[in-house]
1. In nm², what is the average projected area of the convex hull enclosing the Cα atoms of the chain?
2. Which value, in debye to the nearest 20, describes the size of the charge dipole of the chain about its Cα centre when Lys and Arg Cβ atoms bear +1, Asp and Glu Cβ atoms bear -1, and nothing else is charged?
3. How much length, in nm to one decimal, is gained on full extension between Ser272 and Glu519, taken as 0.36 nm per residue of separation minus their Cα-Cα distance?
4. What whole number of Å gives the distance from the Cα centroid of the stretch 366-411 to the Cα centroid of the stretch 255-278?
5. Which trypsin sites (Lys or Arg not before Pro) in the stretch 460-522 pass both tests, a DSSP loop state and at most 12 other beta-carbon atoms within 10 Å?
6. With the crude spin-label approximation of a point 7 Å out along Cα→Cβ, what separation in nm comes out for His474 versus Lys80?
7. Could you tell me the center-to-center distance, by alpha carbons, between the stretch 460-490 and the stretch 178-193 in angstrom?
8. Can you give the FRET efficiency for Asp319 and Asn51, using 1/(1 + (r/R0)^6), R0 = 56 Å, r = Cβ-Cβ distance, to the nearest 0.05?
Amino acid sequence: MKRIATIGLSILVLGSMFSQKKSDAKIKEAEKPQNKNTSNFKTKGYNLQFNLSNCNDTMVFLAKYTFDKQYIVDTCKKVKNGKVYFKSNKDIEKGVYFLVSQDKVRYFDFFINESNKFAIGGDIKEIRTFKVTGSKENEKFFEYIKYIATKNEMFNKLKDKAQQMPKKDSAEFMQREVKQLNEDVKKFQKDFYEANKGSFLADVINLQISKEPENIPLASNGRPDSIYVYNYIKAHYWDGVNFKDDRLLITPFFGEKFKNYFERVIPQVPDSAIVEIDKILGQCDPKSDMFKFLLAYLTPYYESHKVMGFDKVFVHIIDKYIRTGLANDLYDEKVREKIIERGNILKPLLIGNQAPELLMIDTTGGKITNKMGFDTARTSESITKLYYENVQKITPLLVSLYQTKADYIILVFWDVDCGHCQKEMPELLKTYHELKQKYDVKVFAVYTHTEYDKWRKYIIEKKLDFINVYDPIHINNIREKYDIFSTPVIYLLDKNKIIRAKKLSHEALPKIIEYLEKEKNKK
């Protein structure tokens with residue numbers, strides 16, 4: 001039944017694009033420019049007339065697509081008998097626009113591109129009644145969507161007919177009929193694209209056309225070779241897409257297509273993402289809206305990526321595009337400084353780097369430093385003064401992460417008063433004891449605060465036989481050095497203190513260590 005999903009997606013996506021549907025266009029942002037820099041693809045003003053039967057609205061909005069969002073750009077406040085007018089002398093970006101009702105129902109799409117003065121009329125409930133004057137591009141566009149609307153209606157009739165059949169017959173019927181529908185739509189799309197190739201209309205249709213191989217070889221198991229299909233789709237995904245054309249941003253397909261490529265198409269490996277980012281951004285003009293929008297999407301996406309290790313991509317973006325000044329038109333100086341500062345914190349903590357050294361104090365040393373007055377010192381000046389007054393006594397007390405010997409070191413940052421830590425630390429203790437039976441492993445447990453008595457009491461009560469340390473003398477800057485802004489945080493280091501995994505739960509540790517052991521034995 002996979003073909004049913006395919007044709008359903010193909011037709012219904014187009015149907016939702018060109019028929020009535022609730023819009024998420026942001027009326028409050030109507031007058032806000034989406035980019036402070038002007039686009040190279042604008043037209044001077046517009047004069048649009050719509051004569052819409054069965055339209056009961058008294059107010060209608062003109063809206064545009066922008067990457068993966070929608071924005072209101074103009075309002076017709078006096079709609080009478082379905083007559084809607086939009087007129088302005090202001091520059092407007094070329095691209096795909098649509099009408100939105102006062103109830104935020106999206107009516108239909110149209111192009112403002114080769115013509116900025118045209119009229120469209122028809123029954124708002126039936127797209128196939130629409131006629132266009134003054135824009136050949138929109139005439140062709142409505143021919144296209146009328147065909148899709150017809151196929152969409154056929155698809156719905158097939159579903160209704162299938163529901164009245166026995167389940168087995170229904171499945172066979174839908175598979176056969178939908179396959180034919182799918183082939184018809186694909187052929188029409190291909191023919192339409194070829195007939196209009198070189199036009200912006202064709203470029204927009206191309207964004208929606210699925211790039212799939214026609215003659216799929218068989219794999220060794222006798223089935224169609226899925227690896228061949230994947231490689232073909234990936235290789236041809238951007239065929240015909242011009243990343244120097246800012247107008248593609250003002251379309252309903254480009255943003256989602258771009259996001260889908262990075263979320264689902266390319267291998268979910270940091271190095272693969274880096275290669276693809278550089279390949280695509282390298283095709284853009286660094287001064288263009290396209291470059292700015294793509295970079296503005298990729299930067300926060302990889303900063304907050306949920307998969308471990310993808311902060312490497314974020315750091316790469318900072319190093320190649322933000323530090324070098326290529327993003328100066330996108331972010332102001334203060335924002336750039338904050339992003340770069342974030343990159344400075346994350347860069348030493350990337351998987352594969354050696355973890356920063358920690359020089360800490362254990363529970364025994366804590367008693368001694370308290371007697372020196374560190375527990376009551378409240379200012380950085382007083383702490384610094386105490387440190388230099390007692391440096392010779394403090395040095396022998398320091399417990400070094402680098403001097404901790406084990407094949408694997410579980411480095412955990414935690415807080416006695418953290419509710420999550422109170423649940424995680426006893427579980428980590430159990431996991432540690434299990435791992436000790438198989439591997440040479442130690443836990444270097446860093447308490448992130450300085451309330452000595454409370455910390456020591458918890459260690460004794462929970463019998464935490466870790467290397468328990470804290471930093472009462474404040475020489476490590478733990479929060480920035482290890483990006484600790486919440487607890488618990490667990491890093492896994494190898495015997496050379498190389499970061500092998502991070503931001504883990506205790507449950508993940510056994511599997512990761514088992515994997516690392518297998519990789520080690522392969523060498």
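Bear in mind these aren't lab numbers, they're just calculated from the coordinates by the rules spelled out. The structure displayed is predicted, hence computed values, not measured ones. Note: ideal-geometry Cβ built from the backbone for every residue, glycine included; neighbour counts use all protein chains shown.
1. Mean shadow area of the hull around the Cα atoms is 33.5 nm².
2. Here the chain has a charge dipole of around 800 debye.
3. Full extension of this stretch gives 86.8 nm more.
4. Taking the Cα centre of the stretch 366-411 as reference, the centre of the stretch 255-278 is 45 Å away.
5. Hits after loop and neighbour filter: Lys463, Lys495.
6. Calculated label separation equals 7.3 nm.
7. Each part's Cα centre sits 61 Å from the other's.
8. E(calc), rounded to 0.05, equals 0.50.
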